Amino acid sequence: MILKKLAITFCISLLTLFVQSQSSVALTPPMGWNSWNLFEEEVSDKLIRQIADALVASGMTGAGYQYIVIDDFWVGGRNANNELFPDPVRFPNGMKALADYVHSKGLKLGIYSDAASLTCGGVTGSYNFEEADATTFAKWGIDYLKYDYCNAPDDMVTAFTRYKKMGDALRKTNRAIVYSICEWGQRQPWLWARAAGGHLWRTTWDMRDTWLSDKYDNGHNGIMNTIEKQKGLEKYAGAGGWNDPDLLVTGLFGKGKSSSLNGRFNGCTITEYRTQFAIWCMLASPLMVNLDVRTMDTTVKAILLNKELIAIDQDVLGNQATAIVDANGWLVLKKELSGDRYAICILNRNNATAAFSFNCETALKVYGQWNARELFSNRQLRTAKTLTGELAAHDCAIFIMSTANALKK
Ligand code: GLA
C-alpha cells in the first residue's frame, strides 16, 4: 500500500515536472543569435564557441540574448542505429561537448531540423525519426529546436500532424526545449502552432536585407513587407507562443547570403536597422540577431543593447502592438505595457523627412492625464492635445506613456 502511494506520488511529481518544463519556456519572446543569413553552411564548432564568447564579452548575454541557434547544414547523417550525427569535420567534438561549452557561458544551444526527410539545404531531416531525434537532441543538451518545412506536403493537416509529432516527441524528453515552427506562415500556423507544442511560429517567408522589396523583387520580404504581414496577428501572441516575423537583419549591411541573395539586396541604413529592431520589440517578436557579433560596430551594438527597447519586447504582459494609424506615409503602433503604460511607435514611411502631429485621444487613443518620454531623444512630455515631432525618412520615435496617477509621480 505504502509502496503504491509512493509510486503514485513519484509519478505525479514527474508529471508536474514535465508540464512545468514545457510551460516554463518562452514566457517572453526568445532572444539570441542564429547562424543562417551570415554563415549558411559554414557552421562549425569553432564558430559557435567564438560566437558564445563574443555574446558574453559584448554584453549581449547580459542584455538577454540567450540562445545560440545553429541553423541548417550541421547534420552529417544518420548512423547504423538511426541516430543523427553532426558533420564530423565541422563538429569534431560532437554536439554534447559544444552544448556543454555554450552552457558554461550561461547561454543555451539551439539546433535545426525539418519535418521531411531532407532539410531546405538538402541534408538529413527528422521525418519518421521524430522521437529518436528529439531524444538525441535532449541527450546532447539542446534547448531550442527550429523545425523547418521544406520538402513536406503543402496542406495544413499534414503540417499540423508533422509538427505535432515532433512537438509530442520533444515534450516526451522532459527537457525544456523551445520549439520554433518554421513553415513561413503559409498555413496560418498562428491558429494551430500552440496545439502542436510550438512556442513561436514564422509568419512570413525569409527576411531580406532591404527596407522594402517591391513587386519587381518577386515577393521577397523587406522590413516593411514583413511588418505589413503582422497586422491582425496580435491576438495570437502571448506568454509561451509568439508570432515570428523572422530574423533581425540589423547590422548585416548586405553581408548576409540568403538575406542578400548574392548581392541582390545590399543592406539598409543604420536608421532602417534601428527601426527594424524597434518595431520587432513593439511586436513582441523573438529577437534573433544574425550579424557577426565578433566584429559589431558601436552604433549597431548600441541598437541591439538598447535596454528600453528590449524591455518593451520582453514586457510581462506579452502584448503584440496593434497598428492604430496607417495613412499618408505614417504608421503608428501601440502596445500596452505593464504598469499602466503604453509604448507608442510613430514611423515615417515616407522617403523624406516629415513632420507629424497626432491627436492623443482620437488618433493615439491615450486619454486623460499622462507622462511620456521619447526614448531616442529623451524628450519629456506631459498631457497635451497632440503629439508632434519630425522624423527623417524611415526613422521612428518611441514614446513610453504612463497613464494611471501619471501626474502624481
Ligand atoms: C528556410 C528557412 C530559413 C533557413 C533556411 C535553411 O528558408 O525559412 O530561415 O532556416 O531554410 O535552409
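Values computed for the structure shown
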| item | result |
| --- | --- |
| Positive-end residue, the range 301-409 charge dipole about Cα centroid, Cβ charges, pick of Val332, Phe376, Ala354 | Phe376 |
| At 1.002 mPa s and 20 °C, Stokes D of the range 135-184 from Kirkwood alpha-carbon radius, µm² per second | 187 |
| Tail weight of P(r) past 25 Å, computed on alpha-carbon pairs of the range 56-167, percent | 25 |
| Cα→Cβ-extended label distance, 7 Å offset, between Ser104 and Asp53, nm | 1.2 |
| Taking the range 237-388 and dividing mean pair separation by its residue count, relative contact order in percent (alpha carbons under 8 Å, at least six apart) | 17 |
| Kirkwood estimate for the range 253-409, i.e. one over the average of 1/r between Cα atoms, Å | 16.6 |
| Cβ crowding within 10 Å averaged over residues, with 299-307, 30-38 ranked highest first | 30-38, 299-307 |
| Efficiency of FRET between Leu261 and Thr161 - r from beta-carbon atoms, R0 25 angstrom, step 0.05 | 0.15 |
| Sequence-separation-based contact order of the chain, relative, with Cα cut under 8 Å and 6+ spacing, percent | 13 |
| Relative contact order of the range 19-160, pairs being alpha-carbon contacts under 8 Å that are 6 or more residues apart, as % | 22 |
| Karplus-derived HN-Hα couplings along the range 322-332 (A = 6.51, B = -1.76, C = 1.60, θ = phi - 60°), whole Hz, x at Gly and Pro | 10, 7, 9, 9, 8, 7, 6, x, 10, 10, 10 |
| Folded to 0 to 90 degrees: helix 156-173 orientation relative to the chain principal axis, Cα | 70 |
| Using alpha-carbon coordinates, inclination of helix 2-23 to the longest axis of the chain, degrees | 40 |
| Theoretical ellipticity at 222 nm over the chain - DSSP helices of four or more residues, -39500 (n - 2.57) apiece, nearest 500 | -8500 deg cm²/dmol |
| Kirkwood hydrodynamic radius (C-alpha pairs) into Stokes-Einstein, the chain, 4 °C and 1.567 mPa s, D in µm²/s | 58 |
| Thr250 long-range amide H proximity, modeled H, under 5 Å | none |
| Spatial separation of Cα centroids for the range 22-100 and the range 122-193, in angstrom | 17 |
| Cα centroid separation - the range 339-382 against the range 242-304, whole Å | 24 |
| For the chain, share of DSSP beta bridges that run antiparallel, in % to the nearest 5 | 60 |
| Local electrostatic count at Ile312 - Lys and Arg +1, Asp and Glu -1, tallied over other residues with Cβ under 12 Å | 0 |
| In degrees, nearest ten, helix 270-282 long axis to first principal axis of the chain (Cα) | 70 |
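No lab work stands behind these numbers, since they all come straight from the coordinates. What you see is a predicted model, and the numbers here were worked out from it, not measured in a lab. No Cβ is skipped: glycine too gets one built from the backbone with ideal geometry, and neighbour counts run over all protein chains shown.
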